[in-house]
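The values are calculated or read from the model by the stated rules, or taken from the named source; none is laboratory data. Since the model is a prediction, treat every value here as computed from it, not as a measurement. Because the Cβ atoms are built from the backbone with ideal geometry, glycine has one as well, and the counts that use them run over all protein chains shown. Accessible surface areas use protein heavy atoms only, side chains included; no ligands, DNA or RNA. Shrake-Rupley method; radii C 1.70, N 1.55, O 1.52, S 1.80 Å.
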Amino acid sequence: MPAIVNQCSDSKADSDKIYSTASADYSSQSLTVLPAELLLSHSISQLYLDYNDIVLLPENFWSCFPLLELFSAIGNNLISLPDEFEKVPNLSKVYLNENKLESLPDSICKLRHLKCLKLTGNLLVTLPKEFGEISALETLCLEENKLTKLPGTLGLLGSLQHLELESNNISELPLGIGRLLSLEVLNLSNNKLDELPDTFGDMPRLKIVELSSNHIEFLPSNFESVQTLQKLYLDNNVLRTLPDWLSDCKQLVEISVRDNQLHDQPLTEKFGQVCQKLKILNLAGNFISKLPDSLGELCDLEYLHLGSVIGELEGGHFQNGNWLTSLPESVCNLDKLQRLHLDENQLYELPTSFGKLTALDTLDLGQNVLHELPDSFSDLRSLRICLLSKNHIRLLPGNFGNLSNLEELRLDDNEIAELPESIGKLSKLKSLDLYHNKLTEIPPQLNQLKNLIRLDLDANCFKIPWDKVPQIIPKAKYPPRDPNLKDNWRGRPRQDITDMENDIIRIETSEDANYERPEPDLNISEDVLWSAIRSNLSLWKSHSDTSKTRRDYTQNNHNPSLASYEDGLSEEEKEDCDNNSDIDEEDDEFVPPILVKKRFTFESLTENSIHMGSKSGSETDSSSDTAAVQISTIISPSEDWDSEIQEVCSQYNSYRIPAYHHPQSAYDQNSADSQFNFIPSDIHEYPYRKQPKAYPIEEGQFDD
């Protein structure tokens, strides 16, 4: 039971602070009712009941704490609050997030000193009619409730500075909202607003306005906060035009109007002349066809997004960017621009002085109609990520290798037949995508890219078989689980983790050497279990990194049903099993089929000759002088893998489990029913024609 702590100026630990209050913290105690001794502590000024299971508070709750100034009950199951808030006249902060409150008592309006009220994540439908009488209120957070309208007295909150109403069902605003003369932050995102009242623009001190994810068609023609507005978010609405006052916001730092219906040229010519402090401009996913010349006067602009609002895989074949066919030459004057997104437009050329964007770090020009790049493109010395997918580029500039900081280059789905010699100078390049171009031979320049960890050359016109083309698909690496993470959720102890830890402690401290951990009670039917075994057999085939052959399971008293697995081996394989001295007889690991490591070099591939060397495990040839690509290829000792699986599960045919078909069979080019749609690509519109290796999820990866 936590003690009530008196915080005062005599404490050595708090010598720099002066306290005259008593606080009680009963958080994360799994309480359903309040302790009796707590209700007798009348001197408490700060009470914390966070993350318990309290449903109701006593009727006399407020009268028990006449000096209460702060009350927090976040993450409980409160369905209502006791009345008589007037019994706590000094209450100034109330935190009731993540409960199940459907209404507030009318007496809450009598809290004349209440400054902060947070009710995020409840079930509130309405607010008390006299809510505006809380005259001292400065912060009001009502996100993620079920509010449909706001009280007309809301405009009486003259001290209100921060109003959060995101994710409700509000369809209209009261006319009195324009009287919130102290309001600085207003968030009405994700509601059902169709229009804004004319008084909306009467608030003179707004700094941040968020109106995203509504159905707003027009903004007020008058806006009194043009001298104070700093951030404006209007994403995912149906705006067709932008008001003229937007070009008068001198303090504007960030504006986002993505995913609307803006047409033609929504920004006025003086926009760039006035908004000199603008750093972020997001107009993605509209129908913009022209930009003002004054855009180049935004001297502090760092981020410009005029492309698509959704990812490549979700976008499919439809256009989701803008309709730009060219860029004004003045755009090249944005010498502080770091990120430029112009994907999914209709750009057919870039300005000749495009290389003046010397601070550019990320450039996305994917899915346009570019045929070439200007010579100045190679002057983008700070460029780190360059995305040029799905264009009609046939040739890169000869000095393309001057992009010395380039780490990722995507040129997939273009018409490139050869690469410039200078591309071998991209010493920092880690990812190169040349999927679906017109290359006829492996570019020898790639042998100079010492830091390359991802390479895709698939779907080109090589003269060698497609399965001989080098591909680098990196293995997924998961970070180790942070040992400092707490094994709890929202402050509540996790019973399963606690039991497991107690079990481990018991094993470590037990003096009984023969102690055995109790088996978990798993109610798994046999058909589910054997279905899992069949799946794992295929994973053993794919995940092996050893050259050991399979074992005879009958020697170690394993399930006799698996003994039939040995029958699928050839005589030579059985002999390997008998002669294999590397396998410990007491080891129960089922060793999968042989994994052969093939080693290809770029030089040998260009000579149409493949040199293979057998490697075991993850060994590498440290004496090699050439940069090589290692490809892991599965070689099964038995050609008919399906038959092996069927033999393993032969006695369970009554379950009618369908025979396992290894994915590699779908890539059989000689098969009449060859399919290529079972493995989705991570970035491409079409799947890889080669099977990427699958890697198991590490234990504990998603625990938190």
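So for segment 41-132, Kirkwood radius off the Cα pairs, Stokes-Einstein at 37 °C and 0.692 mPa s: how many µm² s⁻¹?
D = 249 µm²/s.
Glu418 to Glu269: extension gain in nm, 0.36 nm per residue of separation minus the Cα-Cα distance?
Net length gain for the segment: 49.4 nm.
Tell me the carbon and sulfur percent of the accessible area for segment 57-161, rounded to whole percent, probe radius 1.4 Å.
Carbon plus sulfur share of accessible area: 48 percent.
Please give the per residue volume of the convex hull enclosing the alpha carbon atoms of segment 205-301, rounded to a whole number of Å³.
Convex hull volume per residue, Cα atoms: 79 Å³.
Run a plain Debye calculation on segment 243-391 (Cα atoms as equal point scatterers, no solvent) and give log10 I(q)/I(0) at q = 0.08, 0.14 Å⁻¹, rounded to two decimals, same order as the q list.
Values, matching the q order: -0.20, -0.63.
Let's test the formula: R0 of 45 Å, r as the Cβ-Cβ distance of Ser80 and Gln227. What FRET efficiency results, to the nearest 0.05?
So the FRET efficiency works out to roughly 0.50.
In nm, to one decimal, how far is the Lys129 label point from the Glu217 one, both placed 7 Å along Cα→Cβ?
3.4 nm
In terms of solvent-accessible area of protein heavy atoms at a 1.4 angstrom probe, what is the ranking of Glu130, Glu138, highest value first?
Glu130, Glu138
Under 16 Å from a point placed 7 Å out from the Cα of Leu40 along the Cα-to-Cβ direction: which residues of segment 60-84 have their backbone N that close?
The answer is 64-65.
Label-point separation (nm) for Asn399 and Ser107, each offset 7 Å from Cα along Cα-to-Cβ?
8.0 nm
Counting only the heavy atoms of the protein chains, how much of Tyr48 is accessible to a 1.4 Å probe, in Å² to the nearest 10?
About 60 Å², rounded to the nearest 10.
May I ask you to compute the full-extension gain from Arg381 to Lys468, defined as 0.36 nm times their residue separation minus their alpha-carbon distance, rounded to one decimal in nm?
27.8 nm
May I ask for log10 I(q)/I(0) of segment 256-309 at q = 0.20 Å⁻¹, from a Debye sum over the Cα atoms as equal point scatterers with solvent left out?
Computed log10 I(q)/I(0) values: -0.68.
Measuring from the lowest to the highest alpha carbon on each principal axis, how far does segment 308-444 reach, largest first, in angstroms?
Result for segment 308-444: principal-axis Cα extents of 38, 34, 22 Å.
Which pairs break 29 Å Cα to Cα here: Lys129/Lys192; Lys115/Lys277; Lys110/Lys192; Lys356/Lys430; Lys336/Lys438?
The pairs that break the limit, which is 29 Å between Cα atoms, are Lys115/Lys277; Lys110/Lys192; Lys336/Lys438.
Heavy-atom accessible area per residue, segment 245-381, 1.4 Å probe: how many Å²?
Normalised by residue count, the accessible surface of segment 245-381 is 39 Å².
Once the whole set of protein chains is in place, how much accessible area is left on Val331, using a 1.4 Å probe, in Å² to the nearest 10?
Approximately 10 Å² of Val331 is accessible to the 1.4 Å probe.
Please report the carbon-and-sulfur percent of the accessible area for segment 194-290; probe 1.4 Å, protein heavy atoms only, DNA, RNA and ligands left out.
Ligands and nucleic acids excluded, carbon and sulfur give 44 percent.
Could you work out the relative contact order of segment 59-184? I mean the mean sequence separation of Cα pairs under 8 Å and 6+ apart, divided by the number of residues, in percent.
18 percent
At a probe size of 1.4 Å, how large is the accessible area of Ile108, to the nearest 10 Å²?
0 Å²
Give me the percent of accessible area attributable to carbon and sulfur for segment 373-456, probe 1.4 angstrom.
The value for segment 373-456 is 46 percent carbon and sulfur by accessible area.
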